[in-house]
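See below for the structure under consideration.
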Amino acid sequence: MTDTVSTATAPQRDLAPLVTRREPAANPDQDYADRVAAFVAAHPELLATDRWEDPAVPPVRELIGALGAAGLLRAAWPAGTPGPDGRSPRCLALGRAIQLHTAFAQVANGAPGAAVLTQLEVGTRLLTGHPELLDGLLDGTVTVSLAATEPDGGSDLSTLTTRVGRDGDRLTVTGEKWFISNAPFADLLLVLADDPDRHTGPRTGPALLLVDTRQATADEVEVTALAGSGHTGLTGSISLRSAPVLAVLAPAGQGLLTLMRHWIHERVMLTVRMTALAQAVLDDAVSGARHRQTFGSPLLTNQHVRFLLAELSAEVAEVRSAALQGVRLLVEGGCTAAYAAMCKYRASVLLRRVADEAIQLAGADGYRTGHPAERALRDGFGLALAGGTDELMLMQIERG
Amino acid sequence: MTVLQGVRTGWFTPAQEELRAGLAAHLAAEVEPHIPGWEAAGRFPVREVLAGLGAGGWLGLRFPREHGGAGGSAWEHVVFAECLGGLSSDSVGMTLTVHNDMVAPMIAEGGTPAAVDRFLRPALTGEYVLAHAVSEPGAGSDVAAVTSTATPVDGGYLLTGSKRWVVGGLYADAFAVLARLPEARGPFGHVLLMVPFGEGVTVTAGAPTLGLRAAGVAGTVDFDRVFVPTEYRIGGHGLGLVTQLRQFEQERIISACRALAIADRLLERTRERLDQRISFGAPIGSRQDVSFRLSRLRAEVESARQLAYTAIDRWEGGADYRSASAAVKLRSSRLARTVARECLHLHGAAGQLTESPANRAFRDARLFSISTGSDEMMMTTLARLAGWDD
Ligand SMILES: Cc1cc2nc3c(=O)[nH]c(=O)nc-3n(C[C@H](O)[C@H](O)[C@H](O)COP(=O)(O)OP(=O)(O)OC[C@H]3O[C@@H](n4cnc5c(N)ncnc54)[C@H](O)[C@@H]3O)c2cc1C
Ligand SMILES: Cc1cc2nc3c(=O)[nH]c(=O)nc-3n(C[C@H](O)[C@H](O)[C@H](O)COP(=O)(O)OP(=O)(O)OC[C@H]3O[C@@H](n4cnc5c(N)ncnc54)[C@H](O)[C@@H]3O)c2cc1C
């Protein structure tokens with residue numbers, strides 16, 4: 001009874017506007033969702049699964065160009081005025097980015113989504129302060145990659161062998177990078193390089209440089225696609241030989257700090273994508289278990305199978321909630337590196353687990369190249385390294 | 001490291017350890033160096049490999065001398081399996097296992113003299129390649145559901161049906177085929193037939209797979225009214241399924257030994273790599289969490305290996321090894337899968353290159369939990385043997 005009384009006398013507050021301002025995934029932008037769906041429907045060839053399984057030619061440039069031309073990248077970029085419901089441009093943009101990455105996790109086994117995420121949430125994001133470049137990046141006429149990792153080490157970026165140099169009055173960069181997403185298709189490279197001679201600023205340490213591959217000779221910048229088992233055809237190695245530096249994005253000593261601030265955003269958005277991938281694989285596994293017959297009945301009639309799928313769906317729901325909270329915190333500017341790392345770590349474990357179990361449920365069919373679960377497992381191993389490895393995430397969580 | 005493998009464990013005789021050393025040296029010199037090339041080409045010269053093994057006297061070690069074997073025991077086949085696990089391609093390991101430990105034993109134990117002469121002897125000299133065609137689109141886990149049909153005719157059977165996923169199918173000279181009899185139902189309605197590749201047999205390459213890319217896996221093997229003489233039948237008329245299931249129980253222990261040897265090798269290689277690779281000023285392998293993960297898996301591999309040896313001991317001693325067989329197949333398959341995943345991840349980006357051994361190991365090892373009795377079928381068997389079925 002007291003409950004009723006207290007409810008009746010409680011001050012009346014309308015919570016709805018507050019909730020929608022904080023919740024980028026609530027009240028999804030239906031118009032944007034329709035545009036993404038129309039884009040997917042209009043580009044069956046570009047998004048054919050086979051084209052993204054062929055290491056020679058994933059159509060990355062074409063996809064980014066088409067997405068840009070359709071205005072879908074720009075719409076997912078924070079700019080302009082608040083929405084009619086009071087949501088900030090940032091909130092609106094990230095809400096649409098969630099829609100974009102979720103939709104792309106469901107086409108062509110999720111493969112094209114990797115290239116989209118690299119363009120929008122990595123390269124373009126790092127060039128936020130360069131309005132002269134943003135137009136091309138958001139229109140999809142210019143592509144970009146972030147090149148930090150080297151063959152001799154990716155976890156520890158404080159011991160780079162790529163170096164800033166000087167040739168007369170122009171800055172150059174020399175070194176080897178590998179496993180760089182979208183590198184085989186990149187116009188712009190954001191290169192992390194050591195600067196022991198203080199060419200870029202008063203301090204030493206890693207600097208972040210901009211290299212325009214279109215302005216470099218084939219000898220100065222050589223990119224080779226790597227035959228990776230995941231992210232088929234999407235990563236490359238880069239040889240830089242006194243390659244001309246177009247701009248210094250962060251001077252010596254600041255390069256790694258810039259990236260660390262950036263990675264908070266990247267890791268949260270990676271979590272959104274990985275969770276959507278896990279959901280897509282799980283949905284496929286459920287439908288497979290409904291249709292696959294063994295011993296005269298559908299696989300789904302076995303309790304073991306139902307419980308396993310139920311457990312996986314709970315895990316997906318959990319990580320998705322964590323990811324959406326991450327996006328909320330990004331909107332408010334309050335997401336910590338530790339929280340982003342928790343999200344990325346959980347999503348990376350989740351994706352591999354869901355994919356592995358889904359392969360098992362599909363039997364020999366799941367072992368086939370290009371089965372959704374098989375593809376997700378291969379990509380999942382790449383995603384447990386890209387954007388910071390599981391172990392690096394654990395170190396970050398511990399540091400707070 | 002292989003701490004609990006070998007003569008010091010008390011399981012193997014000095015002669016068996018000598019055998020291990022000789023065979024391992026042969027494989028390291030004659031097979032391993034070619035693996036990167038074979039994997040890149042997507043096929044390997046199985047005949048050449050088998051001929052080398054046959055010349056060394058390493059095939060069919062446990063089969064009677066009068067059948068072309070060496071008159072040894074299952075322990076020699078454990079040594080053989082563990083040596084195959086030392087190879088960096090399980091396309092090779094699996095294809096040779098099908099030949100030497102799945103099909104050959106059925107002929108040695110249940111074949112007529114004519115079948116022994118026609119199939120087993122040349123198989124043990126390595127001139128003749130054997131494959132195993134059991135699974136069908138609607139009969140993977142549920143082996144008894146095969147629809148390929150052997151219709152009795154004068155002097156034999158007419159075989160018609162379609163098999164799916166056959167390791168070495170593209171290389172094989174003959175297939176062991178499980179088929180049902182036209183009218184029969186239940187467990188006593190099948191026959192096992194040795195069918196030479198030839199007229200009426202069509203082999204088609206399979207879709208590309210995650211691993212086993214050089215194993216010559218046939219996507220389908222179709223039999224169209226192929227006449228098979230009675231003397232090529234393995235086991236009795238109507239006893240095909242029973243014969244097959246018995247053989248699986250033995251083969252699973254041997255396969256488990258190969259899976260555990262693979263896991264053992266991967267842990268060792270990963271440890272070597274991480275002891276060399278520096279991050280944040282120290283070898284990655286010196287980090288406590290990394291060490292603990294590798295050590296935990298090492299302990300699991302070693303204890304699972306004791307289960308495998310216990311199962312072999314029971315088999316050799318004439319005791320009931322059915323539940324030990326299912327248990328070690330389950331444990332070893334899961335372990336090979338877990339170890340391969342963990343090692344792949346710890347190789348960082350270098351392990352992401354498709355041709356790298358760590359990557360191949362992960363892709364190949366994932367099959368253990370699916371083929372020759374999936375994890376779920378092993379759990380089903382364990383529950384049934386324990387009397388827990390619904
Ligand atoms: C698909 C894909 C896309 C990628 N895209 C990009 C990109 O766009 N740009 C870019 O710069 N890089 C990219 N990378 C590279 C990625 O960032 C690196 O692979 C990653 O940082 C790990 O570096 P490494 O491979 O050198 O591993 P290593 O540093 O050699 O580490 C090997 C393993 O040991 C673990 N480890 C390392 N140190 C420790 C420690 N102290 N304690 C415990 N464990 C440890 C690591 O987590 C890892 O599992 C990509 C990688 C992949 C696979
Ligand atoms: C590369 C490769 C090589 C192969 N080589 C051969 C070969 O040489 N010869 C041959 O005969 N076959 C071969 N196979 C086939 C293999 O034996 C089958 O894939 C295996 O038996 C599983 O059958 P399935 O794929 O039809 O899966 P299904 O029987 O459809 O089962 C799918 C999944 O569901 C699980 N499951 C099934 N029923 C139940 C239940 N009641 N309760 C809980 N879980 C259940 C299974 O364990 C499996 O994980 C090969 C397969 C592959 C991928």
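The values are calculated or read from the model by the stated rules, or taken from the named source; none is laboratory data. Here the structure is a predicted model, which means the values were calculated and not measured. Counting neighbours? That spans all protein chains shown, and the Cβs are built from the backbone with ideal geometry, glycine included. Ligands, DNA and RNA are excluded from the accessible area calculation, which covers all protein heavy atoms including side chains. Shrake-Rupley method; radii C 1.70, N 1.55, O 1.52, S 1.80 Å.
When B:Gly186, B:Gly236, B:Gly219, B:Gly198 are screened for being in a strand (DSSP E or B) and either among the acidic types (Asp, Glu) or surrounded by fewer than 16 Cβ atoms within 10 Å (Cβ to Cβ) (or both), only B:Gly236 passes.
Please work out which residue is surrounded by the most Cβ atoms within 10 Å (Cβ to Cβ), limiting yourself to region A:278-337 and to residues that are polar (S, T, N, Q) and within 26 Å of A:Phe381 (Cα to Cα). Can you show your working first?
Restricting attention to region A:278-337, the residues satisfying the condition of being polar (S, T, N, Q) are A:279, A:287, A:293-294, A:297, A:301-303, A:313, A:321, A:325, A:336.
Checking which are within 26 Å of A:Phe381 (Cα to Cα) leaves us with A:279, A:287, A:313, A:321, A:325, A:336.
Details: A:Gln279: 22, A:Ser287: 11, A:Ser313: 17, A:Ser321: 11, A:Gln325: 16, A:Thr336: 14.
Top of the filtered list is A:Gln279.
Out of the residues in region A:316-358 that are acidic (Asp, Glu) and over 28 Å from A:Arg90 (Cα atoms), which is nearest to the chain's Cα centre (by Cα)? Let's see the steps before the verdict.
Filtering region A:316-358 for residues acidic (Asp, Glu) gives A:318, A:332, A:356-357.
Now restrict to residues that are over 28 Å from A:Arg90 (Cα atoms): A:356-357.
Values: A:Asp356: 21, A:Glu357: 23 Å.
The qualifying residue nearest to the chain's Cα centre (by Cα) is A:Asp356.
The set of residues from region B:331-373 being outside any helix (DSSP H, G or I), facing another protein chain (nearest Cβ under 7 Å) and open to solvent by 20 Å² or more (accessible area, probe 1.4 Å) comprises B:Leu353, B:Thr354, B:Glu355, B:Leu367, B:Ile370. Within region A:178-216, restricting attention to residues that are touching a strand residue (DSSP E or B) at 6+ places or on another chain (Cβ under 7 Å) and part of a helix (DSSP H, G or I), the residue that is surrounded by the fewest Cβ atoms within 10 Å (Cβ to Cβ) is A:Gln215.
The test for being open to solvent by 10 Å² or more (accessible area, probe 1.4 Å), assigned to a helix (DSSP H, G or I) and at the interface with chain B (Cβ under 9 Å from one of its Cβ atoms) holds for A:Arg352.
Of the residues making up region A:263-293, just one is of a type in the set (Ser, Thr, Tyr) and within 15 Å of ligand 2 (Cβ to nearest atom), namely A:Ser287.
When A:Ala341 is tested against (1) buried (at least 20 other Cβ atoms within 10 Å of the Cβ); (2) within 11 Å of chain B (Cβ to nearest Cβ), exactly one condition is not met: (2).
A single entry from B:Ala327, B:Ala299, B:Ala304 fulfils the requirement of being more than 8 Å from chain A (Cβ to nearest Cβ), open to solvent by less than 20 Å² (accessible area, probe 1.4 Å) and assigned to a helix (DSSP H, G or I): B:Ala304.
Being buried (at least 19 other Cβ atoms within 10 Å of the Cβ), of a type in the set (Lys, Arg) and within 15 Å of ligand 2 (Cβ to nearest atom) is a description that applies to B:Arg258. One residue stands out among those in region A:366-375 that are open to solvent by less than 10 Å² (accessible area, probe 1.4 Å) and in contact (Cβ under 8 Å) with a residue 12 or more places away in the chain: the one that is nearest to B:Asp364 (Cα to Cα), which is A:Glu374. The single residue among A:Gly387, A:Gly334, A:Gly370, A:Gly380 that is small (Gly, Ala, Ser), outside any helix (DSSP H, G or I) and within 13 Å of ligand 1 (Cβ to nearest atom) turns out to be A:Gly387. Tell me yes or no: at least one residue of region A:294-304 is free of Cβ contacts under 8 Å to residues at least 24 places away in the same chain, within 16 Å of ligand 2 (Cβ to nearest atom) and of a type in the set (Gly, Ala, Ser). The answer is yes; a qualifying residue exists.
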